[in-house]
Amino acid sequence: MRIPKEQKNIPLKCWYNGRRAILPLEKAYRLFFSVSFAWILFLDLYRTDGRGRRPKGGALVKDAPGAAKFTLKLLTRGRLALSVSDSCLMDEHGDSPSRGLLTAWAHRFGGLFDGPKPFEQRYVYDEHGNRQLAYLMKPDERWLIIVDVDSDSGFTREDVDWQIFETGPQDV
């Protein structure tokens with residue numbers, strides 16, 4: 001599907017390879033269909049393996065909120081490992097997820113991919129020298145999260161035809 005000319009430069013707030021970025025819609029669109037994992041948060045629409053298809057896994061946020069939280073935290077850390085003791089995974093009571101729960105979330109995220117997963121399991125050491133299970137993105141992978149339209153731009157979500165992300169790229 002073609003991007004309407006008036007929408008090509010609408011700025012989108014994104015995370016690209018773990019770094020915050022403001023990308024024009026046209027560039028975000030191209031990346032959405034070329035990276036290992038792409039996700040439009042507020043639509044809960046994601047693509048895997050750069051093949052421009054929605055995987056059989058269904059909605060990530062609605063069906064598996066814990067796995068969605070894990071995925072979001074993993075993808076916004078860049079190439080840093082995400083372990084059980086990371087404060088971003090703690091619940092409202094300050095409790096960390098169990099090792100089994102972290103593994104289940106990682107399994108749910110990994111289940112979205114037909115081929116090799118874009119992340120790997122490692123062990124890291126906490127501040128006390130204890131060995132902990134952790135996950136991190138592989139160095140040769142690329143990923144994108146589209147958060148929303150940049151609020152400073154004067155544009156809103158309604159200004160974007162989000163269906164273009166469901167149909168796939170053609171001549172943009």
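The values are calculated or read from the model by the stated rules, or taken from the named source; none is laboratory data. Keep in mind it's a predicted model, so treat the numbers as computed, not measured. Cβ: placed from backbone, ideal geometry, glycine included. Neighbour counts: every protein chain shown. Side chains included, ligands, DNA and RNA excluded: accessible areas come from the protein's heavy atoms. Shrake-Rupley method; radii C 1.70, N 1.55, O 1.52, S 1.80 Å.
Would it be correct to say that R20 is basic (K, R) and outside any strand (DSSP E or B)?
Here the answer is no, as R20 does not meet what is asked.
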Scan the stretch 1-17 for residues that are part of a strand (DSSP E or B) and either under 24 Å from K73 (Cβ atoms) or of a type in the set (D, E) (or both) and jot them down. L12, K13, C14, W15, Y16
What number of residues within the stretch 127-172 are touching a strand residue (DSSP E or B) at 6+ places or on another chain (Cβ under 9 Å) and closer than 30 Å to S85 by Cα? 16
Surrounded by fewer than 19 Cβ atoms within 10 Å (Cβ to Cβ), more than 11 Å from the chain's Cα centre (by Cα), at pLDDT 95 or above and hydrophobic (A, V, I, L, M, F, W, C), is that true of A28? no
Would you kindly identify the strands (runs of 3 or more DSSP E) lying entirely within the stretch 65-172 that contain at least 2 residues that are open to solvent by less than 10 Å² (accessible area, probe 1.4 Å)? 131-137, 143-149
